[in-house]
Amino acid sequence: MSDKLRVGITGSDGNVGTTLRAGLSEDFDLRLYTLDTVDYESTLADLSDASQVEGIFDGLDCLIHLAAYIHATGTWEQILPNNIIATQNVLAEAVRAGVKKVVFASTNHTQHGFFMVGGKPNITDPETERLFKLNDVPHPDSIYGVSKLFGENLGRYYVTTSGIQFVVLKIGWTREDDDCTALDGTVHERHLRALYLSKRDCVQAFRKAVEVDTDYLVAYATSDNRQYGIFDLEESIEKLGFHPEDSSDR
Ligand SMILES: NC(=O)c1ccc[n+]([C@@H]2O[C@H](COP(=O)([O-])OP(=O)(O)OC[C@H]3O[C@@H](n4cnc5c(N)ncnc54)[C@H](O)[C@@H]3O)[C@@H](O)[C@H]2O)c1
């Protein structure tokens, strides 16, 4: 039997999941979960259905929970099953199964609301420039952002009541093309350069989150975007040991 940590990944066929399957498979014994059939070995489950989640995390050391409805425009009807109910099903089952740690994919959208002007995101306006810190009060910009704060707090609750470890990564923006210049010349140029998370840094952030020994930790996961960055990485670097190697700087 392998002496590697057994790490599960929900939503393993998505954008982040594909990056992590490639980047973490040598170091960990990965167990993969998907909603639909894929061309690799995976356990199929709709995580919003508690009966489909029963028993699927038995034997895991750590679970990376990525599965979610991911669009900030998502309606309550889209977010409720996939982000709220599914996250409770996943955490309750992880606790029952004796999984030691859950790593939860949260988002920049838990704080983006600070940029809202007249009900619209205004991150491209230099006047709204600021550097967020992890302990700033939450300020979600969407039901999606609220659902991720629910997950962060649900994890905190289970840490208190069950002794499971829980690590939150507030992810910036990681893309299939891995290109921080992809939106240059558009209104989203500054937005992408502020939030950019390279695939290499994404893998490092999740690896550190799996390996760190702490009860509850919230960290940012962006590359080292000094020119346009909006998240203060100092605490994440210190507590997670995350040292991003890439940057959107020109
Ligand atoms: N990609 C980014 O830049 C980014 C930024 C911030 C946060 N995140 C978070 O990271 C995670 C992964 O994002 P992504 O970009 O890979 O998204 P994605 O849409 O590519 O993948 C999400 C996966 O979740 C699965 N899923 C959704 N509902 C499910 C359910 N009920 N049961 C089982 N599986 C279900 C989907 O099938 C899909 O495989 C998400 O939680 C997202 O909110 C991503």
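Read-outs: derived from the displayed coordinates by stated rules, not from any lab. Since the model is a prediction, treat every value here as computed from it, not as a measurement. Here the Cβ positions follow ideal geometry from the backbone for every residue, glycine too, while neighbour counts run over all protein chains shown.
Assorted remarks:
- Distance between modelled label sites at HIS71 and SER2, nm, 7 Å Cα→Cβ extension: 3.5
- The region of the chain that goes longest without hitting one of the GluC sites (Glu not before Pro) in a DSSP loop, each with at most 15 other Cβ atoms within 10 Å, is 55-128.
- Between ASN135 and ALA92, the contour length at 0.36 nm per residue exceeds the alpha carbon distance by 12.9 nm.
- Helical runs (DSSP H, four residues minimum) scored at -39500 (n - 2.57) apiece and divided by the length of the chain put the mean residue ellipticity at 222 nm at -9000 deg cm²/dmol.
- Note on LYS100: lysines with a C-alpha under 25 Å away, same-chain residues under 8 apart excluded, are LYS4, LYS148, LYS170, LYS208, LYS239.
- Chain lengthening between PHE114 and ASN153 when straightened (0.36 nm per residue, less Cα-Cα): 12.0 nm
- Label zone at GLN52 (point 7 Å along Cα-to-Cβ), backbone N below 14 Å, the stretch 76-90: 81-83, 85-87, 89-90
- The stretch between ARG21 and THR43, if pulled fully straight at 0.36 nm per residue, gains 6.5 nm over its current Cα-Cα span.
- DSSP beta bridge pairing in the chain, given as percent antiparallel to the nearest 5: 5
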